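Structure first, then comments.
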Amino acid sequence: MSTESVVKNFDTWKSFLGERVIQAEKMGMSEETITKLAFEIGEFLDKKVDPGNYSNRAIKELWDVGTDDEKHTIASLMVKLAKKNA
């Protein structure tokens, strides 16, 4: 499954991300480290990927207006949402 197809469908994205979060936890990564990685992924996606649906567009718009602290909050919430949907 390509990265592009994963980010086009929000439910697929949540499931994909959730599976990665579970894998990271099994490898011993802390929630703080996972959230930092989610922040870095968010920064990458913001710059490199055009949101393919309304859900991702809304998250991008929030990301674009947020401070770094607010972006970390979004990243943390995305990790929690992903874990719930894994």
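Laboratory data are not the source of any read-out in this text; all were calculated from the coordinates shown. Computed from a predicted structure; not experimentally measured. Backbone-built Cβ (ideal geometry, glycine too); neighbour counts: all protein chains shown.
Taking a straight line from the alpha carbon of LYS71, these aspartates and glutamates sit under 13 Å away, with near neighbours fewer than eight places off in the same chain left out: GLU40, GLU43, ASP46, GLU61.
Computed about its Cα centre, the charge dipole of the chain is approximately 320 debye, with only Lys, Arg, Asp and Glu carrying charge at their Cβ.
Each other residue within a Cβ distance under 12 Å of GLU19 adds +1 if Lys or Arg and -1 if Asp or Glu, for a net charge of +3. Start at zero, step by 5 Å, and the Cα-Cα distances of the range 3-85 spread as 3, 16, 26, 28, 18, 7, 1 percent across the bins.
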